[in-house]
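Trainee: I have a structure here, written as structure tokens, and I will follow up with some questions on it.
The values are calculated or read from the model by the stated rules, or taken from the named source; none is laboratory data. The structure presented is a predicted model; accordingly, all values stated were derived computationally and were not measured. Counting neighbours? That spans all protein chains shown, and the Cβs are built from the backbone with ideal geometry, glycine included.
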Amino acid sequence: MALAAQPSSDLDAYTYGGARGIAQAAAPTPVAVTRAAPQSAYTLDSGDKLRVVVFGQDGLTNSYGVDAGGSITMPLIGAVKARGLTTSELSAAITARLRQGYIRDPAVAVEVESYRPFFILGEVTYPGQYPYVANMTVETAVAIAGGYSPRAFRQQVELTRTVRGQMIRSTVPVTTPVQPGDTISVSERWF
């Protein structure tokens, strides 16, 4: 019994290099988009709200926001740089600072309580700043912003993201994952 060729989307062909074990009816058309950076551990930045737990130290355990300078300010140790660090790296930095004459053997846990917002501009019903939701795609972000306007170009958008301290701007399909702090710009169609 022969398997019938099943259609695959261009994105699947682009991502996986074609269907596996199933003959394709036509070669996929090339997609002119810039690949997003590979997913890595989430790094903190301004706007993130963190829950810092110092075990056995109720006065230090609290929620802290990452300020515009990229730091959190804790009692005893003052400002601790958080921008660009993962939660485990920040935990290690706080532990090291507390060991410097404040607590003999501190145990610190850091988790993200709420992520920094994302921004959406252009041809959507309600452009602006919105809270980030886990596993969000560009399509989901557009839905949160009230959907496309009648003049919106709906196949791809321009996405601006900070990667290792540099702003990266690329044109991406609407199925692209969104990260906290991203700026999505939906352009106007010209036909």
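Trainee: Kindly state which strands (runs of 3 or more DSSP E) lie completely within segment 116-191 and contain at least 1 residues that are surrounded by 15 or more Cβ atoms within 10 Å (Cβ to Cβ), touching a Pro at 6+ places or on another chain (Cβ under 9 Å) and in contact (Cβ under 8 Å) with a residue 60 or more places away in the chain.
Mentor: 118-122, 156-163, 183-186
Trainee: Can you tell me which residues in segment 51-61 are on the phi < 0 side of the Ramachandran plot and surrounded by fewer than 20 Cβ atoms within 10 Å (Cβ to Cβ)?
Mentor: Within segment 51-61, R51, V53, F55, Q57, D58, G59, T61 qualify.
Trainee: Would you be able to say whether some residue in segment 74-81 is under 23 Å from T162 (Cα atoms) and touching a Leu at 6+ places or on another chain (Cβ under 8 Å)?
Mentor: Yes, segment 74-81 contains a residue that is under 23 Å from T162 (Cα atoms) and touching a Leu at 6+ places or on another chain (Cβ under 8 Å).
Trainee: So which of V133, V138 ends up being outside the structural domain of S63 (by TED's automatic domain parsing), touching a strand residue (DSSP E or B) at 6+ places or on another chain (Cβ under 6 Å) and not aromatic (F, W, Y)?
Mentor: Only one candidate passes the filter, namely V138.
Trainee: Here is a further query. Only residues that are in contact (Cβ under 8 Å) with a residue 40 or more places away in the chain, small (G, A, S) and surrounded by fewer than 13 Cβ atoms within 10 Å (Cβ to Cβ): list them for segment 89-115, please.
Mentor: Passing the criteria: none in range.
Trainee: Considering each residue of segment 93-114, count those that are touching a strand residue (DSSP E or B) at 6+ places or on another chain (Cβ under 8 Å) and either not assigned by TED's automatic domain parsing to the domain that holds I77 or not in a loop (DSSP other than H, G, I, E, B) (or both), and give that number.
Mentor: So the count comes out to 12.
Trainee: With respect to I77, is the statement that it is at pLDDT 95 or above and over 23 Å from the mean Cα position of the chain (by Cα) true?
Mentor: When the stated conditions are applied, I77 does not pass them.
Trainee: Output the number of the condition that T73 fails; it satisfies all remaining conditions of (1) without any contact (Cβ under 8 Å) to a residue 24 or more places away in the chain; (2) under 28 Å from V178 (Cα atoms).
Mentor: (2) is the only condition that T73 fails.
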